[in-house]
Amino acid sequence: MHKMIFASRNNGKIKEVTKILEDSNFELLSLNDFDNIPNIVEDGETFEENARIKAETVYKQFSIPAIGDDSGIVVEQLDEKPGIYSARYAGGNATDDDNNKKLLMELRDFPHPHKAKFVCNAVYYDGKQYLTAIGEVKGKITDIPKGKNGFGYDPLFIPDGYSITMAELSLEEKNKISHRAKAFTLLKRLLLNRS
């Protein structure tokens, strides 16, 4: 088994990515498996830059190949915001609920549909080589949060072709269509082709 550290403490993300990699020869660890976690300063200007910072920082600390990802929601009517600020849209210690409320408030004067897309950029780094993958899922923002299966903006996001939110999909269904699933499935393919 090849060990890799996923530079995340988010249990929802860890669960999704572990599921995607379960039938491969990769053992996925996360930051929850370690003490002395380095402070990761996400000061990049794109999803890819932030993902790369996470992977590099974790690799330098533990000398184990690392994967960083950065993801968020991009809303057409808000000039592509919240983008890289998705997790802290309503402030540094904002909860998912705080961020969702802020997004709905910002959209209240715009007509429907509120076109949006989830974007995920995943970067693998082993000290020598970078592998980068991107995934997107398009859809729209609804006014009423629904569903308990997701996290982040999932309760507000209805993927194209669906009539329910991301948070109403099962993990299996979500892993077939989500931006993270697309990025990590592609990254898995790149890793398997390389090894």
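The values are calculated or read from the model by the stated rules, or taken from the named source; none is laboratory data. Bear in mind that the values here come from a model prediction, so they are computed numbers and not experimental data. As a convention, Cβ positions derive from the backbone with ideal geometry for all residues, glycine included, and neighbour counts pool all protein chains shown.
When the residues of region 151-168 are filtered to those that are in contact with a strand residue (DSSP E or B) (Cβ under 8 Å, 6 or more places away or on another chain) and in a loop (DSSP other than H, G, I, E, B), the one that is nearest to Val17 (Cα to Cα) is Gly152. Based on what the data block shows, is Ala51 assigned to a helix (DSSP H, G or I), surrounded by 16 or more Cβ atoms within 10 Å (Cβ to Cβ), among the aliphatic types (A, V, I, L, M) and modelled with pLDDT of 95 or more? In short, yes.
Of all residues in region 99-143, which are among the aromatic types (Phe, Trp, Tyr) and surrounded by 15 or more Cβ atoms within 10 Å (Cβ to Cβ)? Can you show your working first?
Applying the first criterion (among the aromatic types (Phe, Trp, Tyr)) to region 99-143 yields 110, 118, 124-125, 130.
Scanning region 99-143 gives Phe118, Tyr124, Tyr125.
Of all residues in region 169-190, those that are buried (at least 16 other Cβ atoms within 10 Å of the Cβ) and assigned to a loop (DSSP other than H, G, I, E, B) total 2. Among the residues of region 156-187, the ones that are among the polar types (S, T, N, Q) and touching a Leu at 6+ places or on another chain (Cβ under 7 Å) come to 1 in all.
Taking the stated definitions as given, is Ala94 touching a Gly at 6+ places or on another chain (Cβ under 7 Å) and not in a strand (DSSP E or B)? Reasoning before the result, please.
Details: touching a Gly at 6+ places or on another chain (Cβ under 7 Å): no; not in a strand (DSSP E or B): yes.
Considered against the rule, which asks whether it is touching a Gly at 6+ places or on another chain (Cβ under 7 Å) and not in a strand (DSSP E or B), Ala94 comes out as no.
Mind telling me which of the residues Ile84, Ile40, Ile73 ends up being assigned to a strand (DSSP E or B) and either touching a helix residue (DSSP H, G or I) at 6+ places or on another chain (Cβ under 8 Å) or more than 22 Å from Val137 (Cβ to Cβ) (or both)?
Details: Ile84 fails: assigned to a strand (DSSP E or B); Ile40 fails: assigned to a strand (DSSP E or B).
Ile73 is the lone residue from the list that is assigned to a strand (DSSP E or B) and either touching a helix residue (DSSP H, G or I) at 6+ places or on another chain (Cβ under 8 Å) or more than 22 Å from Val137 (Cβ to Cβ) (or both).
For region 147-160, filtering for residues that are surrounded by 15 or more Cβ atoms within 10 Å (Cβ to Cβ) and free of Cβ contacts under 8 Å to residues at least 40 places away in the same chain leaves 5. For Ser178, the criteria (1) touching a residue at least 24 places away in the same chain (Cβ under 8 Å); (2) over 20 Å from Asn100 (Cβ atoms) hold in every case but one, which is (2). Among the residues of region 116-143, those that are within 17 Å of Asp154 (Cβ to Cβ) and more than 19 Å from the chain's Cα centre (by Cα) comprise Thr142, Asp143.
Of the residues making up region 74-101, those that are in contact with a strand residue (DSSP E or B) (Cβ under 8 Å, 6 or more places away or on another chain) and either without any contact (Cβ under 8 Å) to a residue 24 or more places away in the chain or closer than 21 Å to Ser178 by Cα (or both) number 13.
Can you tell me which residues in region 1-24 are over 14 Å from Thr57 (Cα atoms), polar (S, T, N, Q), in contact (Cβ under 8 Å) with a residue 60 or more places away in the chain and in contact with a Ser or Thr (Cβ under 9 Å, 6 or more places away or on another chain)? Spell out how you get there, then give the answer.
Taking region 1-24 and keeping what is over 14 Å from Thr57 (Cα atoms), we get 1-3, 9-24.
From the residues that got through so far, the ones that are polar (S, T, N, Q) too are 10-11, 18, 24.
Right, trim to in contact (Cβ under 8 Å) with a residue 60 or more places away in the chain and you get 10, 24.
The answer is Asn10, and nothing else.
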